[in-house]
């Protein structure tokens, strides 16, 4: 009986060890030529307050260990000097010097090699064509899934193209799932979608209901008092409103301010002549962000008189005036 239990335990242990990322973390063993004593730290790229691993450098040598929930980009710091690597739960060797840290030789892990290939051209890292080229070369890479998710202000068409370019493994990865979720959310504000009824909090404590705007071309303008670009474009919106309101266009600005007083102070300063409302949930993902699928402000959706989304004004293509003229033309 004892032998059977012992064999069962050994089999279970071997099974657990074979599971990637479960029993085995990462280990970086190496040397820094011109740093005899110091500290090496690994910080999460998405939140540099999160320390994923750290160790002392003694006699130029170090070993830093940790465990990742999923492969991810990391900021590697040696006595304040930094570089970026892409880590997974495996073993690495690092030979470097303090001033040549960006030219480091981190050996081990296929994902880091792919990431360094991407970083070779950092003149414009958020260039969507750079990400597209990477996905064409490495369609099933988790690095590609990270890149498609990391640069936050891509339009829906670009996000969908990135997702379509990913292989099955990349889609199943942590970042691939985020891109999938993002594409699903962004689809909620795409042309042809019927806008659901919604309510928001009016400036006087009343309820602003979408039904009051049915039958008109409506621009939903999402903004916040703390959003500088939002505030900067208000003079332009005033001119647009003056021109198009008499043609049958209405604007409804919905603030994602969490603090009512901050919103009302901004309203007093800006004096916008069109209806104003606020999402009581603020910038929470379960508020209007979920209904209309946006992740940043300013964000604007143009709704036709038939209650369907006409387009999103993404500020990169046609002017707002052109889009409103096209929306009006559809109602005739």
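Quick notes
- Filtering segment 188-215 to residues that are outside any strand (DSSP E or B), without any contact (Cβ under 8 Å) to a residue 24 or more places away in the chain and surrounded by 14 or more Cβ atoms within 10 Å (Cβ to Cβ) leaves only 210.
- Here residue 96 fulfils each of the conditions (1) in contact with a strand residue (DSSP E or B) (Cβ under 7 Å, 6 or more places away or on another chain); (2) surrounded by fewer than 21 Cβ atoms within 10 Å (Cβ to Cβ) apart from (2).
- Residue selected from segment 260-270 under the condition out of contact with any helix residue (DSSP H, G or I) (no Cβ under 8 Å at 6 or more places or on another chain) and surrounded by 13 or more Cβ atoms within 10 Å (Cβ to Cβ), by the criterion nearest to residue 217 (Cα to Cα): 267
- Criterion: surrounded by 13 or more Cβ atoms within 10 Å (Cβ to Cβ), within 23 Å of the chain's Cα centre (by Cα) and over 20 Å from residue 178 (Cβ atoms) - qualifying residue of 61, 116, 120: 116
- Output for segment 172-184, where each listed residue is within 24 Å of residue 308 (Cα to Cα), surrounded by 19 or more Cβ atoms within 10 Å (Cβ to Cβ) and over 12 Å from the mean Cα position of the chain (by Cα): none
- Residue in segment 242-258 that is surrounded by the most Cβ atoms within 10 Å (Cβ to Cβ), counting only those that are farther than 21 Å from residue 198 by Cβ and out of contact with any helix residue (DSSP H, G or I) (no Cβ under 9 Å at 6 or more places or on another chain): 245
- Qualifying residue in segment 294-316 (condition: buried (at least 19 other Cβ atoms within 10 Å of the Cβ) and assigned to a helix (DSSP H, G or I)): no
- Filter result for residue 311 (within 19 Å of residue 184 (Cα to Cα) and either in contact with a helix residue (DSSP H, G or I) (Cβ under 7 Å, 6 or more places away or on another chain) or in contact (Cβ under 8 Å) with a residue 12 or more places away in the chain (or both)): yes
- Qualifying residue in segment 247-259 (condition: part of a helix (DSSP H, G or I) and either under 29 Å from the mean Cα position of the chain (by Cα) or touching a residue at least 60 places away in the same chain (Cβ under 8 Å) (or both)): yes
Computed from the coordinates by the stated procedures, all read-outs in this text should not be read as laboratory data. Here the structure is a predicted model, which means the values were calculated and not measured. For neighbour counting, all protein chains shown are included, and Cβ atoms are generated from backbone atoms with ideal geometry for every residue, glycine included.
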